[in-house]
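Below is one structure, written out as structure tokens; the observations come after it.
Values quoted throughout were computed directly from the atomic coordinates according to the rules given, and no laboratory measurement underlies them. As the structure is a prediction and not an experimental result, all values here were calculated from the model. Positions of Cβ are backbone-derived with ideal geometry, glycine not excepted, and every protein chain shown enters the neighbour counts.
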Amino acid sequence: MSHIAQPDQPFEPTPEEMASALADLEHLANHNAAATAAAVPPRPVASGETKRVRKLRAEVAEAHLLTGLQDDDAPLLLDTAKVRKRRKAAQEAARLHTLAQDPEMRAWQAARMRRLLVVAALVSLTLALAWSTAGVQHFAADNAPPWSPAWVFAWLVEPFLSLALLVVVGARAYLGTRGQPLNNRKLVRIEGLFLGLTLAMNAWPYLPLVAADFSLSRLVLHVLGPIVAVAVVTALPIILAAFASLAHGPTSTPTTPSYRANAANLHKLTDQARRLIATGHLSADSGADKFRRALGCGMDTARAVRDTLRNDPT
């Protein structure tokens, strides 16, 4: 009966089996090394192709490409953001100038300025009359005790004089702004009467023969309000009459070249460009910048000349 190994007994290879396994592994390693050597191509023989040579070749190729691109004027024809902004501002200024020459716009501007001046004059007149209120109160009170009936009512003298004067001046000013100046002699005399009374009441207590202690500065200070009021009332009708006689028609001499002048100049420059092309100093396919330098004109005019020649080369 043959001996059968038990399942729990460990396996131990014989020396012959170990030698065979090692031989198989060595044969497999030699086979893989040969396959790897066959797959890798042989290293090329050094021919001077260094990193420096490759870098110089790239620089030369780049220089040739840049030389060809620099002859193209297409980038020069593009407007930058700054140029477009400046051109927009120039066109807006030109349109505003043209609008300012329109008769309706000039009439509107004159009416606006006239109303502004009338308002400023009336405000100045009101302040001047308010300034003289204290002087008139001092004259009307006549040394009455403070807060007595005479002292209190003295403060009302200048206001009702001023209100009456403002009624006349306001009516004349408003009618003057409407193109209907009011130059009635009675109204002019009423204005003079009110202003004369205000001036006299302000100046009387401070005159040289009336004041106990005369002071020129006090006299000037108290007559300042009435003098300003007289000046405003005198100057306002003259100013309004000048506004009423304004002519709002267009200006007689144009400030910008006419369309015919621009067309003649463009035709002249186009003929000059044709002569330059015929002599070989300029090419019809050149960019607008070359036309500008050759003709000594602006970029917009150069574009117009270039487009004219391209559309009608004859």
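Compute the relative contact order of segment 100-244 as a whole-number percentage, counting only Cα pairs closer than 8 Å that sit 6 or more residues apart in sequence. After rounding, I find 33 percent. Each peptide in 267-280, 79-92, 216-229 was scored by the mean count of other Cβ atoms within 10 Å over its residues; highest first, the order is 216-229, 267-280, 79-92. Between amide H atoms placed 1.01 Å from N, distances below 5 Å from Leu282 occur with Ile277, all of them 5 or more places distant or on a separate chain.
Each residue of segment 139-144 was assigned a 3J(HN,Hα) from its phi angle through the Karplus curve 6.51 cos²θ - 1.76 cosθ + 1.60 (θ = phi - 60°); the sequence is 5, 6, 5, 6, 6, 6 Hz, with glycine and proline shown as x. With R₀ fixed at 51 Å, the C-beta to C-beta distance from Tyr174 to Asp300 puts the FRET efficiency at about 0.50. If the segment from Leu99 to Arg84 were pulled out straight at 0.36 nm per residue, it would be longer than the present Cα-Cα gap by 3.2 nm. Residue by residue, segment 186-194 carries 3J(HN,Hα) couplings of 5, 5, 5, 5, 5, 4, x, 5, 5 Hz when phi is fed to the Karplus relation 6.51 cos²θ - 1.76 cosθ + 1.60 (θ = phi - 60°); x denotes Gly or Pro.
Taking 7 Å steps out from each Cα toward its Cβ at Asn311 and Ala110 produces label points 4.2 nm apart.
3J(HN,Hα) along segment 164-170: 5, 5, 5, 4, 5, 5, x Hz, from the Karplus curve 6.51 cos²θ - 1.76 cosθ + 1.60 with θ = phi - 60°, whole Hz, x for Gly and Pro.
So what is the relative contact order of segment 259-314, in percent, for Cα pairs below 8 Å that sit 6 or more residues apart? Dividing the mean separation by the residue count of segment 259-314 yields 34 percent. Of the chymotrypsin sites (Phe, Trp or Tyr not before Pro) found in segment 179-238, those that fall in a DSSP loop while having at most 14 other beta-carbon atoms within 10 Å are Phe214. Highest mean packing first, where packing is the average number of other Cβ atoms within 10 Å per residue, the peptides 54-66, 105-117, 163-175 line up as 163-175, 105-117, 54-66. Shown is the FRET efficiency for Leu69 and Asn265, computed with R0 = 51 Å from the Cβ-Cβ distance and rounded to the nearest 0.05: 0.90.
In a fully extended conformation the segment linking Asp289 and Glu49 would gain 82.0 nm over its present Cα-Cα distance, using 0.36 nm per residue. Local charge for Thr308 was computed over the other residues whose Cβ lies under 15 Å away, with Lys and Arg +1 and Asp and Glu -1, and equals +2. Determine, from the Cβ-Cβ distance of Ala244 and Val167 and an R0 of 35 Å, the FRET efficiency 1/(1 + (r/R0)^6), rounded to the nearest 0.05. Efficiency, from the Cβ-Cβ distance: 0.95.
Just order 136-143, 150-157 by mean Cβ neighbour count inside 10 Å, highest at the front, would you?
Numbers: 136-143: 17.0, 150-157: 14.8.
Ranked by mean Cβ neighbours within 10 Å, highest first: 136-143, 150-157.
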